[in-house]
Amino acid sequence: MSDAAPAATATEVPATAVPHAASEVTVHRSLSPSRAADFLTCPLLYRFRVIDRLPEPPSPAAARGTLVHAVLERLFDEPAPGRTPTVARGLVLPQWERLATAEPELASLFADEEQRAVWLDEASAMLDRYFTLEDPTRLEPAHREMSVQTVLDSGLTLRGYIDRLDVARSGEVRIVDYKTGTAPREEYEARALFQMKFYALVVWRTSGAIPRQLQLIYLGNGEIMRCAPDEAELLATERKINALWQAIERARATGDWRPRQSRLCDWCAHQALCPVFGGTPPPLPASPAPIASSVPAPRSIPEAGPTVAPGAEPALTDAAPAGSAAPAVSG
Ligand code: SF4
């Protein structure tokens, strides 16, 4: 990477940014990584979330994820030298207050101040861990919380939000996703990478360039998972997404949204309506609404980041092990 090379700008990075919706957007034939993962996990869960649109109560773990993402996004508003653990910790409370103001139901998560303080400390500990994995003073993201979408040849729209997109002066793109959980065991890695390849496919289809690197940062246990996708992998991802969508359309046509029990049921908000747990799903909507886009509400207001500062961005190949080809995601 040469200092003389022109800095990449936000507008040079895939022209994928689209106006940000307030929350969920109703779109025909549209899929996001989150809802694709729902269907892979359990078709009935997908139905509850996308067809029935059942509300789900906030959870401390999900809210903590939202908070940590918001802090990491804001951290890059600071001039590079100011991106320190102390500054990140100082952002925790104001960001929490901002989120709680926007979503008053979050306040109900805690019985008292003490419980909330413990929870905030856990979020701060995750942020401390972030600094053991990356040096944000050497990064200038091209985009944060970037809304992306593309339409496949099949007509299916892919949508989602990318936590962070880095662009080196060479033009190489790195897609970064923060996870507040722990890195998955080996048998679940393919599913984690599927989400990243989904994003890589969208960026490839909109920019014409395959991202150089996909990076998952697990703040729960301080691990990083990296992958360098190639064309064959992204074509395979596209085939898998199209096949997944066909399965969703079949379920929608037949009304056969069968439950799939797994350890993830422990975190499911809809056990009371699930036959696996003795419940009965509500009747399907008489006139099914268009399948809602699987775009979740952005964790915070998305925005384009600054341009890459001269000398600030290390080559994307730094510290990047050879990419691993993930096996097909098992459904
Ligand atoms: S409890 Fe388990 S099987 Fe039932 S809907 Fe939720 S994830 Fe699916």
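Would you mention how many residues in the stretch 31-77 are among the acidic types (Asp, Glu) and farther than 20 Å from GLU134 by Cβ?
3
Taking the conditions (1) more than 16 Å from the ligand (Cβ to nearest atom); (2) crowded, with 19+ Cβ neighbours inside 10 Å in turn, CYS268 satisfies each one other than (1). The single condition among (1) outside any helix (DSSP H, G or I); (2) within 30 Å of PHE131 (Cα to Cα) that LEU264 does not satisfy is (1). If you check ALA200, ALA183, which single one turns out to be more than 16 Å from the ligand (Cβ to nearest atom), farther than 26 Å from ARG29 by Cβ, small (Gly, Ala, Ser) and surrounded by 13 or more Cβ atoms within 10 Å (Cβ to Cβ)? After ruling out the rest, the residue left standing is ALA183. From the list ALA232, ALA247, the lone residue that is assigned to a helix (DSSP H, G or I), in contact with a helix residue (DSSP H, G or I) (Cβ under 9 Å, 6 or more places away or on another chain) and at pLDDT 95 or above is ALA247.
Conditions (1) in a helix (DSSP H, G or I); (2) hydrophobic (A, V, I, L, M, F, W, C); (3) at pLDDT below 95, marked per residue:
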{"site": "LEU72", "(1), (2), (3)": "yes, yes, no"}
{"site": "ASP77", "(1), (2), (3)": "no, no, no"}
{"site": "VAL87", "(1), (2), (3)": "yes, yes, no"}
{"site": "LEU91", "(1), (2), (3)": "yes, yes, no"}
{"site": "ALA100", "(1), (2), (3)": "yes, yes, yes"}
{"site": "LEU106", "(1), (2), (3)": "yes, yes, yes"}
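Restricting attention to the stretch 45-64, the residues that are assigned to a helix (DSSP H, G or I) and either out of contact with any helix residue (DSSP H, G or I) (no Cβ under 9 Å at 6 or more places or on another chain) or within 12 Å of the ligand (Cβ to nearest atom) (or both) total 6. Test ARG159 against the criterion of being touching a residue at least 40 places away in the same chain (Cβ under 8 Å) and basic (Lys, Arg), and give yes or no. Yes, satisfied. Taking each residue of the stretch 30-53 that is within 12 Å of LEU284 (Cα to Cα) and in contact (Cβ under 8 Å) with a residue 12 or more places away in the chain and looking for partners that are away from the ligand (no atom under 14 Å from the Cβ) and part of a helix (DSSP H, G or I) with beta-carbon atoms closer than 9 Å, six or more apart or interchain, yields ARG47/ARG252; VAL50/ILE248; ILE51/ARG252. Out of everything in the stretch 54-79 that is in contact (Cβ under 8 Å) with a residue 40 or more places away in the chain and acidic (Asp, Glu), what residue ends up being surrounded by the fewest Cβ atoms within 10 Å (Cβ to Cβ)? Among those that are in contact (Cβ under 8 Å) with a residue 40 or more places away in the chain and acidic (Asp, Glu), it is GLU56.
Between TYR188, TYR199, TYR178, which is touching a residue at least 24 places away in the same chain (Cβ under 8 Å), in a helix (DSSP H, G or I) and not hydrophobic (A, V, I, L, M, F, W, C)? Being touching a residue at least 24 places away in the same chain (Cβ under 8 Å), in a helix (DSSP H, G or I) and not hydrophobic (A, V, I, L, M, F, W, C) holds for just one of TYR188, TYR199, TYR178, which is TYR199. The residue pairs whose first member lies in the stretch 245-262 and is away from the ligand (no atom under 15 Å from the Cβ), whose second member is acidic (Asp, Glu), and whose beta carbons are closer than 9 Å, counting only pairs six or more residues apart or on different chains, are ARG250/ASP256.
The values are calculated or read from the model by the stated rules, or taken from the named source; none is laboratory data. Quick caveat, the model's predicted, so the values are computed rather than measured. Quick reminder, even Gly has a Cβ in these numbers, built from the backbone with ideal geometry, and neighbours come from all protein chains shown.
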